[in-house]
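To keep things clear, I will list the structure first and then write my remarks on it.
Values quoted throughout were computed directly from the atomic coordinates according to the rules given, and no laboratory measurement underlies them. Small disclaimer: the values here were computed from a predicted structure and weren't measured. Neighbour counts are summed over all protein chains in view; Cβ atoms, including those assigned to glycine, are modelled from backbone coordinates with ideal geometry.
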Amino acid sequence: MILVMLGTQNNSFHRLLEEIDKLIEKKQINQEVIVQAGYTKYKSQNMKIFDLIPKEELEKYQKEADYIITHGGVGSIITSIKLGKKVIAVARNAKYGEHVNNHQEEIVELFNKKGYIIGIRDINDLSGAIEKIENFTPKEYKLNNKKMLNIIENYIDNI
């Protein structure tokens, strides 16, 4: 099973779900896909889509997932990597009205450089990220990683 997490932001992220739908149609994705869509309204015959999933249930899906595809939100990324999950993170982009600015690009790039996730900026790179995910070994995320937390906190403080 693949879990897709779009967070709880009040902006749509249709582009990501459209691309996942295409990859299901092309048979690159063969597993069940469960989506926590937040405010993204999207209909699909190929995915089980929920607006919001209660925290306990979402954590259950996170634990069961083969891997997770998420937007570039810090909360979605950290809760997934804390569980040792393989994560593909896709940054929302302001030019498509998906966020107020492009800070998610920096967040995704930071976690990608640290080896915690496979991060992508361009939605067209999702197919390649899915090809890599099976052999990807994420760096273990340590809860006491004060340096990473300081970087994130400083970044958020400066937005």
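Here's how it looks for residue 70: its modeled amide H is under 5 Å from those of 5, 88, 89, 90, which are all 5 or more places away or on a different chain.
For a paramagnetic label modelled on residue 25 (point 7 Å from Cα along Cα→Cβ), amide N atoms under 20 Å away are absent within segment 69-95. Fewest-first ordering of 33, 90 by other beta carbons within 10 Å of each residue's beta carbon gives 33, 90.
Pairs over the 20 Å Cα-Cα cut-off, from the set 60/86; 27/85; 27/114; 85/132: 27/85; 27/114.
Assuming R0 = 22 Å, can you tell me the calculated FRET efficiency for the pair residue 106 and residue 15, based on Cβ-Cβ distance, to the nearest 0.05?
It comes to 0.70.
Ordered by the number of other Cβ atoms lying within 10 Å of each residue's own Cβ, fewest first, 117, 34 fall into the sequence 34, 117. Computed on segment 2-157, with alpha-carbon pairs under 8 angstrom and 6+ residues apart, the relative contact order is 20 percent.
In summary, the aspartates and glutamates within cross-link reach of residue 43, defined as a Cα separation below 20 angstrom excluding same-chain residues under 8 places away, comprise 18, 19, 21, 25, 32, 51, 98.
Taking the fewest neighbouring Cβ atoms within 10 Å as the starting point, the ordered list for 44, 12, 76 is 44, 12, 76. As a rough guide to protection, the peptides 58-65, 25-32 ranked by mean Cβ packing within 10 Å, highest first, stand as 58-65, 25-32.
Here the relative contact order of segment 1-88, from alpha carbon pairs under 8 Å that lie six or more residues apart, stands at 34 percent. Computed extension gain for residue 113 through residue 131, at 0.36 nm per residue and net of the alpha carbon distance, reaches 4.6 nm.
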